[in-house]
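So the structure is just underneath, and the comments pick up after that.
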Amino acid sequence: TRKRVETLQADALAMDAILHDPKSARFVAVCAPTALSLDETSRLVTALGEAGVRCDRCVVNAVLGESDAALAAYAASATNTQRAAIEDLRSIADEFGLGVAIAPQFAADLDGPAGLDALGDALFAPL
């Protein structure tokens, strides 16, 4: 209804005012330590600046430790999280009749045609 749209518009204008007031709000970008995430963060911070929204901090999330123990703990945790998520996904896929392809973690970021070839080989290898 018209009243709901007017309320939504008023709320959006109020939020816009809050985001543009450095005394009321602070924007903190969060990224992963990957080239893709850093590119996305750069575009985000640029767009925020162009919109007049100040971003004065960036958190780099999920930085791996240097020790073997830290890496092993991370790998174990990630593996457990992934297994649970894949089980859930398989249930959803079964429900909707979807095929599931699992892309492995590669030792390096995939880039360009050679990267796409490596991913394609992994995803579509003969069973």
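Criterion first (assigned to a loop (DSSP other than H, G, I, E, B), within 30 Å of GLY120 (Cβ to Cβ) and modelled with pLDDT under 85) does LEU64 satisfy it? Considered against the rule, which asks whether it is assigned to a loop (DSSP other than H, G, I, E, B), within 30 Å of GLY120 (Cβ to Cβ) and modelled with pLDDT under 85, LEU64 comes out as yes.
In the set (1) touching a helix residue (DSSP H, G or I) at 6+ places or on another chain (Cβ under 6 Å); (2) surrounded by 13 or more Cβ atoms within 10 Å (Cβ to Cβ), SER24 fails one condition alone, (2). Restricting attention to the stretch 92-102, the residues being assigned to a helix (DSSP H, G or I), within 24 Å of the chain's Cα centre (by Cα) and exposed (fewer than 10 other Cβ atoms within 10 Å of the Cβ) number 0.
Here is a yes/no grid of residues against (1) among the small types (Gly, Ala, Ser); (2) more than 30 Å from ASP121 (Cβ to Cβ); (3) outside any helix (DSSP H, G or I):
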{"position": "ALA29", "(1), (2), (3)": "yes, yes, yes"}
{"position": "GLY52", "(1), (2), (3)": "yes, yes, yes"}
{"position": "ALA72", "(1), (2), (3)": "yes, no, no"}
{"position": "ALA78", "(1), (2), (3)": "yes, no, no"}
{"position": "THR81", "(1), (2), (3)": "no, no, no"}
{"position": "GLU87", "(1), (2), (3)": "no, no, no"}
{"position": "PRO104", "(1), (2), (3)": "no, no, yes"}
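ASP11 - would you say it is part of a helix (DSSP H, G or I) and open to solvent by 90 Å² or more (accessible area, probe 1.4 Å)? The answer is yes for ASP11. If you go through the stretch 42-82 and pick out every residue that is hydrophobic (A, V, I, L, M, F, W, C) and either surrounded by fewer than 10 Cβ atoms within 10 Å (Cβ to Cβ) or touching a strand residue (DSSP E or B) at 6+ places or on another chain (Cβ under 9 Å) (or both), you end up with 10.
The values are calculated or read from the model by the stated rules, or taken from the named source; none is laboratory data. Quick caveat, the model's predicted, so the values are computed rather than measured. No Cβ is skipped: glycine too gets one built from the backbone with ideal geometry, and neighbour counts run over all protein chains shown. For accessibility, only protein heavy atoms count, side chains too; no ligands or nucleic acids. Shrake-Rupley method; radii C 1.70, N 1.55, O 1.52, S 1.80 Å.
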